[in-house]
Amino acid sequence: MRLFFKTKSKPTFSELLTSCFDDSQSWRNREDDLEALVTLVELIRPSKIKKLQTVDLQEIISFLKENDSCRTQFSIYIKEILRGKKFSKILSDAAILQDVDFIFEVKKRIFSKFLPYQPQKNTLEYVLNQVFYNRDDALWINRIQSNQLGELYTLLEFKSIYETAAANTNLSELLIAMSLLTQRISGRAMETDVLKMVPEFDDFESPFGAFEKELLQIGDKIRNSDLHYIKPDNLSYAQVLVLHKQCEAFVDKAFHNSSKYGISLRVNQNLLKIRQQLDRLKHLIPLLIVDKQQDIKANGIALALQLIRYNCYKNNVRKFIGESTQLISYEITQHTAKTGEHYITETRSEYFKMFRTAMGGGFIVGIMCIIKVLLSKVDASFFGHAFLYSMNYAFGFIVIYLLGFTLATKQPAMTAAALIKALEEGEIKQGKDSEKYQAFAILFARVFRSQFIAFVGNVIMAFPISLLGIWLIDYTLDYNIAATKWKNLLVDLSPIHSLAILHSAIAGVFLFLSGIISGSVANRDKHNQVYFRIAEHPGLKRSFGKLRTLKLAKLYEKRWAGIISNFWFGIFMGSIGSIGLFLGLNLDIRHITFASGNLALGLYGANYAISNSMLFWGIFGIGIIGLVNFMVSFSLSLGLAFRSRAISVFELKFVTASIWKHFKARPISFFFPTEKKIKSVTVENYLNTEKKE
């Protein structure tokens, strides 16, 4: 355990402090100046931090009170370590986005976790990196009792941070960091892409410039005054608080307008960085205010705690990804929520309309199944087959989409966001949580029965179309295209004789990704004003006329995101098998509708001479594949929707209980429409209908 205690694994506080600080030379003769402090922090650091309520320093405090010489030497030691150490960079940079490039920032933070950046030894950041290197140090530091921190501050005779504002002092470093933050905020807020998000401020003076000027004036007053701080009734301080709120309102409005104008990841990162810097200043500005004498000590302790906390969180990857992607994911799921509402049947007429459109989707898939078997016979490389399969899937899915047909399991990625939207609306409109979850359960029943009838429509049409297609080819060309592939086609459906469950889960992931792509493309086009740019394109207006150009723009706005989504869904589905072969892994996809078509092809290829066991597992496998498709895509989409709206996943417990309660009360509603016509999708209307019934 370090150089002080070679024979003991872990010393006590008294042993450590006595050995290191019994006289003025004990700690001065050590090669590593920080070794004693690092060892002391290791002794204080709790083993189970997250379960700990408070951290008790009474043993150290009592020892220092009883041993005046050790206390004196320890005080000198701490002051020697901290003397002249610069820390303005921690306040201005640590735990704040350093680059708007999302990927670069993620890579930099991950790399720094394994190989931390080490600044110059004359900085406080170096000291904190060496002493508080554990990622949970900020947690237990914040759980030290404030009265004990005050006692330590007094015992170690720390000087006031307001003693002088000369260069390289604590107050000077604080003012430098605040000045740097305001300049960065002001410059970034004036960028064109940021201003475009808040046209409401076009006719007003930017609050950021005024905020910067006012804060700089306060800094000058503090440097030139005898007290080196300001009182809470200072007019400049009141003005700074007002301007700070206006800057926050600017950023909030920009984020709010993302639903109207869309938002790019770059603009999101810019706004997020401004918000982080404003939040940092919100915590630093109060350190300039002293009302009572005890505030001097309290502000000094608060500054120290903030420095430790900021330095500990500077490489936090999870928080960075969460903050950076929440708004983008919200805008994506907003689009999918609007789209998903069309996939939720309400009345019997809508229910059977879904059945008819699902049959149309099954018709196209039946043809795609035959085409894929024919393409498998083409003599091509892995890449060649991946390309051919991908184009078959992609154009087939696009045709299904453009004709208004329905592909089973495509809905969950969309309807999950619509469900969360209902839960979110219920949280706002309802006073009782039980009613909110009840409304969610009612909507979930509608989603489930919509998915169920889509399954039925796809399956009962894909099977006969595939069977008819392979029979026509055999009848016309006297060639059974599945004669050599029938066994693989049937075995691949069995959940116990193949990896059908894994492969159907992979398909579920791709279904989820296709929903993400759809929302992402819609958000990107909205932010880039693609619809407006097409409608006002001078060349198109001269060539096609204003009316046709406007129709083209509307068609693009309505269809393009769906076309791109289905195209990439086809690429994912068609290429995964070849990628698996290339990597030596058994990767493939299983989709309920294609499984139905493949069952028909397998039966015909075997001339219907298959065992009852193989037939049973084939039929049973279709149901399992559909269930896994639904569960995976829906779960992923639901998780994204929960996170994008900052709803705790713990609510799933109550949601699940409410769904089960509703299922026991009205099980038929999960498979067939039983409610009366409801005018809108709002939670309030659902509840009103339930009460009437």
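At least 1 residues that are touching a helix residue (DSSP H, G or I) at 6+ places or on another chain (Cβ under 8 Å) and more than 19 Å from LEU272 (Cβ to Cβ) in each: list the helices (runs of 4 or more DSSP H) lying fully within segment 99-204 that qualify.
Counting at least 1 such residues, we get 102-114, 124-131, 137-141, 146-155, 170-189.
Scanning for something more than 30 Å from ASP68 (Cα to Cα) and free of Cβ contacts under 8 Å to residues at least 60 places away in the same chain, does segment 156-163 turn up at least one residue? Step through it out loud before you land on a result.
Of segment 156-163, the ones more than 30 Å from ASP68 (Cα to Cα) are none.
Within segment 156-163, not a single residue is more than 30 Å from ASP68 (Cα to Cα) and free of Cβ contacts under 8 Å to residues at least 60 places away in the same chain.
Any idea which residue in segment 347-385 is nearest to the chain's Cα centre (by Cα), counting only those that are over 23 Å from TYR401 (Cα atoms) and not in a helix (DSSP H, G or I)?
If we take residues in segment 347-385 being over 23 Å from TYR401 (Cα atoms) and not in a helix (DSSP H, G or I), then SER381 is nearest to the chain's Cα centre (by Cα).
Scan segment 217-232 and give yes if some residue there is surrounded by fewer than 16 Cβ atoms within 10 Å (Cβ to Cβ), of a type in the set (Ser, Thr, Tyr) and within 41 Å of the chain's Cα centre (by Cα), otherwise no.
No, the conditions are met nowhere in segment 217-232.
Kindly list, by first and then second residue, each pair from a residue in segment 523-537 that is modelled with pLDDT of 90 or more to a residue that is among the β-branched types (Val, Ile, Thr), limited to pairs with Cβ atoms under 8 Å and residues at least 6 apart or on different chains.
Pairs found: ILE534/THR549; ALA535/THR549; HIS537/THR549.
Given (1) at pLDDT 80 or above; (2) open to solvent by less than 50 Å² (accessible area, probe 1.4 Å); (3) part of a loop (DSSP other than H, G, I, E, B), where does LEU16 come up short, assuming only one miss?
Of the numbered conditions (1) at pLDDT 80 or above; (2) open to solvent by less than 50 Å² (accessible area, probe 1.4 Å); (3) part of a loop (DSSP other than H, G, I, E, B), the odd one out for LEU16 is (3).
If I ask for residues that are in contact with a helix residue (DSSP H, G or I) (Cβ under 6 Å, 6 or more places away or on another chain), open to solvent by 10 Å² or more (accessible area, probe 1.4 Å) and in a loop (DSSP other than H, G, I, E, B), which ones from segment 233-285 would you list?
Within segment 233-285, SER264 is the sole residue that qualifies.
Quick check on my filter: what residues within segment 348-381 are open to solvent by less than 20 Å² (accessible area, probe 1.4 Å) and in contact with a His (Cβ under 9 Å, 6 or more places away or on another chain)?
The answer is VAL365, and nothing else.
Of everything in segment 652-685 that's open to solvent by 60 Å² or more (accessible area, probe 1.4 Å) and at pLDDT below 80, which residue is nearest to the chain's Cα centre (by Cα)?
Applying the filter and picking the extreme gives LEU652.
Assuming ARG559 fulfils every condition listed in (1) more than 22 Å from LEU499 (Cβ to Cβ); (2) buried (at least 18 other Cβ atoms within 10 Å of the Cβ); (3) not hydrophobic (A, V, I, L, M, F, W, C) apart from one, which condition is it?
Going through (1) more than 22 Å from LEU499 (Cβ to Cβ); (2) buried (at least 18 other Cβ atoms within 10 Å of the Cβ); (3) not hydrophobic (A, V, I, L, M, F, W, C) one by one, ARG559 breaks only (2).
Is it fair to say SER92 is surrounded by 14 or more Cβ atoms within 10 Å (Cβ to Cβ) and either closer than 20 Å to CYS312 by Cβ or in contact (Cβ under 8 Å) with a residue 24 or more places away in the chain (or both)?
It is true that SER92 is surrounded by 14 or more Cβ atoms within 10 Å (Cβ to Cβ) and either closer than 20 Å to CYS312 by Cβ or in contact (Cβ under 8 Å) with a residue 24 or more places away in the chain (or both).
Only residues that are within 27 Å of GLU173 (Cβ to Cβ) and loosely packed, with under 13 Cβ neighbours inside 10 Å: list them for segment 69-89, please.
Passing the criteria: GLU80, ARG83, GLY84.
Could you pull out the residue among ILE110, ILE103 that is without any contact (Cβ under 8 Å) to a residue 12 or more places away in the chain and either of a type in the set (Val, Ile, Thr) or surrounded by 18 or more Cβ atoms within 10 Å (Cβ to Cβ) (or both)?
Among ILE110, ILE103, only ILE103 is without any contact (Cβ under 8 Å) to a residue 12 or more places away in the chain and either of a type in the set (Val, Ile, Thr) or surrounded by 18 or more Cβ atoms within 10 Å (Cβ to Cβ) (or both).
When you go through ALA606, ALA657, ALA641 one by one, which is the residue that is out of contact with any helix residue (DSSP H, G or I) (no Cβ under 7 Å at 6 or more places or on another chain) and over 20 Å from ILE501 (Cα atoms)?
Going through ALA606, ALA657, ALA641 in turn, just one is out of contact with any helix residue (DSSP H, G or I) (no Cβ under 7 Å at 6 or more places or on another chain) and over 20 Å from ILE501 (Cα atoms): ALA657.
Return a yes/no flag: does segment 263-278 have any residue that is basic (Lys, Arg) and more than 22 Å from the chain's Cα centre (by Cα).
At the first step, the residues of segment 263-278 found to be basic (Lys, Arg) are 266, 273, 275.
Narrowing further to those that are more than 22 Å from the chain's Cα centre (by Cα): none.
Looking for residues that are basic (Lys, Arg) and more than 22 Å from the chain's Cα centre (by Cα), one finds none in segment 263-278, hence no.
Going by the structure shown, is LEU97 open to solvent by 20 Å² or more (accessible area, probe 1.4 Å) and in contact with a Lys or Arg (Cβ under 8 Å, 6 or more places away or on another chain)?
Criteria not met by LEU97.
Tell me whether segment 56-68 contains one or more residues that are within 26 Å of ARG188 (Cα to Cα) and open to solvent by 80 Å² or more (accessible area, probe 1.4 Å).
no
From PHE616, PHE642, grab the single residue that is open to solvent by less than 20 Å² (accessible area, probe 1.4 Å) and not in a loop (DSSP other than H, G, I, E, B).
The conditions single out PHE642.
Looking at segment 176-198, which of its residues are touching a residue at least 40 places away in the same chain (Cβ under 8 Å) and open to solvent by 10 Å² or more (accessible area, probe 1.4 Å)?
First, the residues of segment 176-198 that are touching a residue at least 40 places away in the same chain (Cβ under 8 Å): 176-182, 184-185, 188-189, 191, 193-194, 196-198.
Hits for segment 176-198 are ILE176, SER179, LEU180, ARG184, ARG188, GLU191, ASP193, LYS196.
The values are calculated or read from the model by the stated rules, or taken from the named source; none is laboratory data. Because the structure is predicted, anything quoted here is derived from the model rather than measured. Glycine also receives a Cβ, built like all others from the backbone with ideal geometry; neighbour counts cover every protein chain displayed. For the accessible areas, the whole protein counts, side chains as well, though only heavy atoms, and no ligand, DNA or RNA atoms are used. Shrake-Rupley method; radii C 1.70, N 1.55, O 1.52, S 1.80 Å.
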